[in-house]
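Reading through the structure tokens given below for one structure.
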Amino acid sequence: MRRLLERPDLEQLRHQAREPQRASGDPIRLGETQLRLAREYGFPSWTALKSEVLRRRGSPSAVDYRIRSVATREELVTAYDLMGAQFEPPVTHFPSRVRKPRRSARQ
């Protein structure tokens with residue numbers, strides 16, 4: 001069994017997974033070679049190997065982010081206003097701010 005470096009390089013592992021695919025005369029799917037390589041390193045799948053590489057490298061995508069379950073009222077109002085400003089006419093959470101549509105001259 002191969003041993004994973006302390007700070008492995010994911011691009012190098014991807015390159016290693018592609019080597020048998022390119023060297024073979026038969027069409028081999030990349031997923032098959034990735035799985036084979038992951039098992040050589042002692043992982044059940046390519047995803048597990050990739051997760052371990054990202055964890056060891058301290059990648060932001062491997063960090064466990066915590067999300068608050070509830071935002072404050074002010075944060076919700078600000079977010080709603082920012083999103084509502086993207087629409088025409090603007091959407092707002094205050095009923096007094098809603099513009100009533102103008103009637104056309106034909107009516």
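Measuring from label point to label point, each 7 Å out along Cα→Cβ, what is the Leu30 to Arg55 span in nm?
2.5 nm
Distance from a point 7 Å along Cα→Cβ of Gln12 to each backbone N in the stretch 21-57: keep the residues under 17 Å and list them by number.
So the set is 37-38, 40-42, 49-57.
Let me have the relative contact order for the stretch 10-62, percent, based on Cα pairs under 8 Å that are six or more residues apart.
Value for the stretch 10-62: 26 percent.
Using the number of other C-beta atoms within 10 angstrom as an exposure proxy, rank Ser24, Ser51 with the fewest first.
Ser24, Ser51
Show me 7-20, 31-44 ranked by packing, highest mean number of other Cβ atoms within 10 Å first.
Ranked by mean Cβ neighbours within 10 Å, highest first: 31-44, 7-20.
Does the stretch 10-62 classify as rounded, prolate or oblate by the C-alpha gyration tensor (a ≥ b ≥ c root eigenvalues; a/c under 1.5 gives rounded; else a/b over b/c gives prolate, otherwise oblate)?
In terms of gyration-tensor shape, prolate.
What net charge is computed for the residues neighbouring Arg56, neighbours being all others with C-beta under 13 Å from the C-beta of Arg56, Lys and Arg scored +1, Asp and Glu -1?
Net of charged neighbours comes to +2.
Computed from the coordinates by the stated procedures, all read-outs in this text should not be read as laboratory data. On a predicted model such as this, the values are computed, not experimentally measured, just so you know. Heads up, the Cβs are rebuilt from the backbone with ideal geometry, glycines too, and the neighbour counts pull from every protein chain shown.
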